[in-house]
Amino acid sequence: MIEHKLSNVLLKPAEHLTGHDELYAFCSSPLAYDDARQALVVDEPTDFMTFLNACSTGKWAKYCGIHEVTLSLELSGDACEVVIKGLPAGARADAESTVELDRLSIKPEEGGHARVSATIDAAGMDLVAFELLPAGRTLLHSGSYSARVDEARVRPVRIALSTTTFKKEHYIVPNIELMRSSVAGDDGPIHDNFHMFVVDNGSTLDAAALSDELVTVIPNANVGGAGGFARGMLAALDSEQPFTHVILMDDDVHVFPESIKRTYNLLALATDEYANAFVNGAMLSVEQPTRLFEDVSHVLRSGKYTKLKPDHYVDRLADVVANERENVEVEHAYGAWWFSCIPVANIREKGLPLPVFVRCDDVEYGLRSNPTYMTMNGICVWHESFEGRPRASVDCYQYVRNFLVMAACDGFVNTELFMTRVWRNVMLRRRELEYGAAELLLQGVEDYLRGPEWLMEVDGSALMRKNAQLNDKFVPLSEVDPELLDSADLDAIHPEPHHAIGIAGKLRKSIPYDKHLLPDALLRKAPGHMQTTGPCVYDNDTVARKTVLVLDVTGEKAAVRRMDRERNRRIIERERTLKRRWQLEHEKVAAAYADAFPKMTSEAWWRGYLGMK
């Protein structure tokens with residue numbers, strides 16, 4: 001039997017989490033980390049049953065068959081009590097529902113360190129953690145959870161981290177250095193079983209300077225996220241030292257090396273039932289660092305994406321527990337590629353991503369692979385919220401075109417239901433004078449009908465630049481016509497960026513009106529205003545308006561839309577023509593995509609497309 005580490009206790013708050021100590025520990029004062037002594041200073045009751053520092057014993061039992069864990073702490077300073085506690089499965093998710101499992105009195109020798117080790121029966125517990133009750137000032141130097149396991153049952157694991165970047169040095173370079181310093185200094189098995197591949201789609205990084213035995217920077221053409229991740233997968237497949245798993249991770253994230261380590265330990269100890277599972281890390285919001293946005297989603301037959309969980313605010317114990325308890329093992333699931341760990345065997349069997357540049361590549365890969373997903377508190381990244389980045393060139397064109405390709409290849413989505421949503425969306429965009437978005441929706445359908453050969457040859461980067469010209473142009477409010485600002489009630493709408501639009505909003509959107517049908521005499525001169533947050537649009541003040549002022553999620557920038565009756569007429573005519581064409585061609589085109597699918601996702605095609613030898 002050997003002692004196999006499960007997770008470390010994180011003591012020094014990351015810079016991007018300043019002011020959010022509840023992710024690490026609950027206490028009445030801000031956490032104080034002493035850099036000189038490399039220890040957390042504890043001078044009041046401090047509870048570590050948190051998102052980052054509780055041991056997810058319910059998940060370790062489920063995925064790895066582990067029911068007993070060992071808590072190890074290194075302490076110095078004044079005497080303290082260590083209270084070990086657990087939250088039983090099914091119990092109410094609050095501090096009062098925790099049960100005391102053990103209590104240790106620790107008195108470090110003067111000037112010395114006390115090393116504490118306690119074995120915990122965690123059977124039936126969703127979470128296990130500890131609380132420190134200091135008599136004066138105690139220093140916590142380190143902590144970890146581990147389990148005694150038969151060495152023969154530990155799986156060989158070697159992880160390749162593949163991240164695709166495009167001119168985001170301010171994110172990717174610190175992430176490279178963070179992973180290098182953390183993994184190089186780790187005394188566990190991950191030290192010799194990890195490599196980071198950075199696929200540089202912008203070819204702006206100094207590959208020679210940044211590459212070493214732990215990191216390889218690969219200059220690459222700008223082939224989008226799909227092409228970048230395909231290149232990273234190929235690098236892992238080509239390695240002389242075989243990898244067992246590839247983690248796909250966005251470049252514009254804050255990541256904890258601890259998330260990689262926990263993933264490694266989870267894979268090493270997984271039971272046969274979960275040996276081939278994917279591990280998906282949660283995305284938390286950079287702007288609201290305690291808001292957990294998503295870890296696993298699934299696709300409905302209508303083509304709609306649906307999160308499996310609501311937003312969780314994981315500075316609250318109730319949400320920490322709820323996040324662990326909610327089931328992610330559902331049909332038609334996918335995990336976004338901000339942090340997704342995929343077995344190499346799956347890549348060899350199922351192939352590489354579809355060449356769609358950006359959007360839907362991770363969704364399609366999830367549907368194609370149909371994996372079991374594992375998730376766990378503390379396996380996560382922090383990513384900029386999507387709500388604040390409305391881009392019709394991505395949200396409309398890329399989404400519609402790529403989703404139709406996916407539907408043709410995977411055969412799950414009801415395409416007619418999906419197209420009903422597309423046509424409705426064209427109407428809604430016209431109604432709000434967002435002509436560019438309506439045109440991009442139609443262009444997405446038209447380009448899908450061009451077929452797979454066009455998709456495999458098109459310059460995705462050039463196409464993205466062209467389509468971006470049709471996006472709303474947001475500028476600071478100081479650059480907007482003052483008369484528009486003076487006549488618009490900007491204080492009326494400032495919703496939280498993540499709130500749903502609600503039933504009333506959905507009903508209002510269903511009313512089939514069109515302001516273009518009204519004569520100018522019935523249209524109000526004062527501009528209407530709305531606020532877009534990405535998935536939600538608050539537009540109660542745009543009826544019968546010739547001009548609409550669109551605020552972004554911050555309320556500090558705006559775009560101006562003006563009625564253009566002739567452009568609206570052309571869009572309507574284009575839509576009618578496209579509907580007729582769709583009815584005549586879509587079945588034949590879908591069959592062509594299905595036939596081309598093996599080629600589009602093959603190693604041979606991707607190597608040629610990427611210019612690899």
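The values are calculated or read from the model by the stated rules, or taken from the named source; none is laboratory data. From a predicted model like this one, the values you see are computed outputs, not experimental measurements. Every residue, glycine among them, receives a Cβ derived from its backbone with ideal geometry; neighbour counts consider all protein chains shown. Quick note on the areas: whole protein, heavy atoms, side chains included, nothing else; ligands and nucleic acids left out. Shrake-Rupley method; radii C 1.70, N 1.55, O 1.52, S 1.80 Å.
Within the range 402-421, not a single residue is in contact with a Pro (Cβ under 9 Å, 6 or more places away or on another chain), open to solvent by 10 Å² or more (accessible area, probe 1.4 Å) and of a type in the set (S, T, N, Q). Name the pairs: first residue in the range 16-36 and over 14 Å from residue 316 (Cα atoms) and open to solvent by less than 30 Å² (accessible area, probe 1.4 Å), second residue modelled with pLDDT of 95 or more and in a helix (DSSP H, G or I), Cβ to Cβ under 7 Å, at least 6 apart or on different chains? Between residues of the range 16-36 that are over 14 Å from residue 316 (Cα atoms) and open to solvent by less than 30 Å² (accessible area, probe 1.4 Å) and residues that are modelled with pLDDT of 95 or more and in a helix (DSSP H, G or I), the close pairs are 17/23. Screening the candidates 160, 230 for the property of being closer than 16 Å to residue 337 by Cα, hydrophobic (A, V, I, L, M, F, W, C) and in a helix (DSSP H, G or I) yields one hit, 230. The residues on offer are 405, 413, and the sole one that is modelled with pLDDT of 95 or more and more than 26 Å from residue 474 (Cβ to Cβ) is 405.
The number of residues in the range 26-68 that are touching an Asp or Glu at 6+ places or on another chain (Cβ under 9 Å), among the hydrophobic types (A, V, I, L, M, F, W, C) and assigned to a strand (DSSP E or B) comes to 5.
Residue count for the range 317-348 under the criterion of being in a loop (DSSP other than H, G, I, E, B) and in contact (Cβ under 8 Å) with a residue 40 or more places away in the chain: the result is 8.
For (1) charged (D, E, K, R); (2) within 36 Å of the chain's Cα centre (by Cα); (3) surrounded by 17 or more Cβ atoms within 10 Å (Cβ to Cβ); (4) farther than 28 Å from residue 293 by Cβ, each residue gets a yes or a no:
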| site | (1), (2), (3), (4) |
| --- | --- |
| 532 | no, yes, yes, no |
| 577 | no, no, no, yes |
| 582 | no, yes, yes, yes |
| 594 | no, yes, no, yes |
| 602 | no, yes, no, yes |
| 608 | no, yes, no, yes |
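Report, by residue number, each residue of the range 163-175 that is assigned to a helix (DSSP H, G or I) and either within 16 Å of the chain's Cα centre (by Cα) or buried (at least 20 other Cβ atoms within 10 Å of the Cβ) (or both).
Within the range 163-175, 171, 172, 175 meet the criteria.
Within the range 455-469, the set of residues being open to solvent by less than 60 Å² (accessible area, probe 1.4 Å) and either in contact with a Pro (Cβ under 7 Å, 6 or more places away or on another chain) or over 19 Å from residue 201 (Cα atoms) (or both) comprises 455, 456, 467. There is at least one residue in the range 78-94 that is modelled with pLDDT under 95 and in contact with a Leu (Cβ under 9 Å, 6 or more places away or on another chain). Looking across 140, 132, one residue alone is in contact with a Ser or Thr (Cβ under 6 Å, 6 or more places away or on another chain) and either open to solvent by less than 50 Å² (accessible area, probe 1.4 Å) or hydrophobic (A, V, I, L, M, F, W, C) (or both). It is 132. Do we have residue 357 as among the hydrophobic types (A, V, I, L, M, F, W, C) and within 17 Å of the chain's Cα centre (by Cα) here? No, not satisfied. Taken over the range 262-286, residues that are more than 14 Å from the chain's Cα centre (by Cα) and in a loop (DSSP other than H, G, I, E, B) amount to 5. Does at least one position in the range 221-237 carry a residue that is of a type in the set (Val, Ile, Thr) and open to solvent by less than 10 Å² (accessible area, probe 1.4 Å)? No. In the range 369-389 there is no residue matching the filter, namely being over 25 Å from the mean Cα position of the chain (by Cα) and free of Cβ contacts under 8 Å to residues at least 40 places away in the same chain.
Please verify whether residue 128 is touching a helix residue (DSSP H, G or I) at 6+ places or on another chain (Cβ under 7 Å) and outside any loop (DSSP other than H, G, I, E, B), treating the condition exactly as stated. Judged against the criteria, residue 128 is a match. For residue 254, state whether it is in contact (Cβ under 8 Å) with a residue 40 or more places away in the chain, open to solvent by 40 Å² or more (accessible area, probe 1.4 Å) and not in a loop (DSSP other than H, G, I, E, B). Yes: the conditions hold for residue 254. Within the range 80-100, the residues that satisfy the criterion of being of a type in the set (Gly, Ala, Ser) and open to solvent by 30 Å² or more (accessible area, probe 1.4 Å) are 89, 90, 95. Residues that are surrounded by 20 or more Cβ atoms within 10 Å (Cβ to Cβ), in a strand (DSSP E or B) and of a type outside the set (Val, Ile, Thr) within the range 299-313 comprise just one, 312.
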